[in-house]
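Report on the following structure.
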Amino acid sequence: MGTDLKQFIRDVQDFPKKGITFKDITTLLKESDKFRAAVDAIADKFKDKDIDMIISVEARGFIFGSAVAYKMGVGLVPVRKKGKLPYRTHSITYDLEYGQDTLEIHQDALKKGAKVLIVDDLLATGGTTRATVDLVEKVGGKVEGIAFLIELLPLKGRDKLKGYPIFSIIEDKYC
């Protein structure tokens, strides 16, 4: 399936800055059957894990996370950039390829022991996802899996996520 969907991802050179190849997912999203296939693939992969909650990461992760939550019949918890959540939060600052960022989750986002599936659009170096895992565990959640539409294999993001089940629909050898 990944190879079928990969042709619907547009590479945009030098965005958001020179030297970066941006994976534009809007070209997949506008094809309803392809978007549905991606959502179904993630939901089907984790349907037997008794997932209690989907965790999705700002911003493109919200697109897939909300659709997967709907498909699986579970709730959704957003992980957002600093200052975007209205209630008491836990935060974590982490390194990016070109700087630092901070993510937050509501302190009361999960019940202790809740089984969660983290859903995002892309796995690159793994920094954002690692920070999300740490936030989920800080609020008492148990990460049952992590799912992505695209994984950029050369950046070895999985190395930061050892011990967690990872599912990527599209495994891209080029970035």
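What residue, of 43, 37, 69, is at negative phi and in contact with a Gly (Cβ under 8 Å, 6 or more places away or on another chain)? Break it down stepwise before answering.
Numbers: 43 fails: in contact with a Gly (Cβ under 8 Å, 6 or more places away or on another chain); 37 fails: in contact with a Gly (Cβ under 8 Å, 6 or more places away or on another chain).
Exactly one residue qualifies, and that residue is 69.
Of all residues in the range 122-140, how many are over 17 Å from the mean Cα position of the chain (by Cα) and either of a type in the set (Asp, Glu) or part of a loop (DSSP other than H, G, I, E, B) (or both)?
2
I'd like to check something: does the range 136-149 contain any residue that is of a type outside the set (Asp, Glu), touching a His at 6+ places or on another chain (Cβ under 8 Å) and either surrounded by fewer than 20 Cβ atoms within 10 Å (Cβ to Cβ) or at pLDDT 95 or above (or both)?
Yes, the range 136-149 has at least one match.
Name the residue, out of 143, 119, that is within 13 Å of the chain's Cα centre (by Cα) and farther than 30 Å from residue 11 by Cα.
143
If you check residue 18 against the conditions, is it basic (Lys, Arg) and touching a residue at least 40 places away in the same chain (Cβ under 8 Å)?
no
Looking at (1) within 17 Å of the chain's Cα centre (by Cα); (2) under 20 Å from residue 127 (Cβ atoms); (3) surrounded by fewer than 16 Cβ atoms within 10 Å (Cβ to Cβ); (4) among the aromatic types (Phe, Trp, Tyr), which is the one condition that is false for residue 70?
Every condition holds for residue 70 apart from (2).
Restricting to the range 73-84, name every residue that is surrounded by 11 or more Cβ atoms within 10 Å (Cβ to Cβ) and either not small (Gly, Ala, Ser) or not in a strand (DSSP E or B) (or both).
Matches in the range 73-84: 74, 76, 77, 78, 79, 80, 81, 82, 84.
Are any residues in the range 14-45 at pLDDT 95 or above and assigned to a strand (DSSP E or B), and if so, which ones?
Within the range 14-45, 23, 24 meet the criteria.
I'd like the full set of residues that are within 29 Å of residue 97 (Cα to Cα) and free of Cβ contacts under 8 Å to residues at least 12 places away in the same chain, limited to the range 31-65.
59
Looking at the range 85-107 only, could you name the residues that are at pLDDT 95 or above and exposed (fewer than 13 other Cβ atoms within 10 Å of the Cβ)?
Correct list: 86, 87, 88, 93.
Exactly one condition in (1) part of a strand (DSSP E or B); (2) free of Cβ contacts under 8 Å to residues at least 24 places away in the same chain; (3) of a type outside the set (A, V, I, L, M); (4) touching a Leu at 6+ places or on another chain (Cβ under 9 Å) is not met by residue 94; state its number.
That leaves (2) as the condition not met.
List every residue pair whose Cβ atoms sit under 7 Å apart, with the two residues 6 or more apart in sequence or on different chains, where the first one lies in the range 153-175 and is closer than 22 Å to residue 4 by Cα and the second, anywhere, is assigned to a loop (DSSP other than H, G, I, E, B) and at pLDDT 95 or above.
Final answer for the pair search is 170/9.
The values are calculated or read from the model by the stated rules, or taken from the named source; none is laboratory data. Predicted model, so just to flag it, every value in this text is computed and none were measured. Ideal geometry is used to build each Cβ from the backbone, glycine not excepted, and the neighbour counts take in all protein chains shown.
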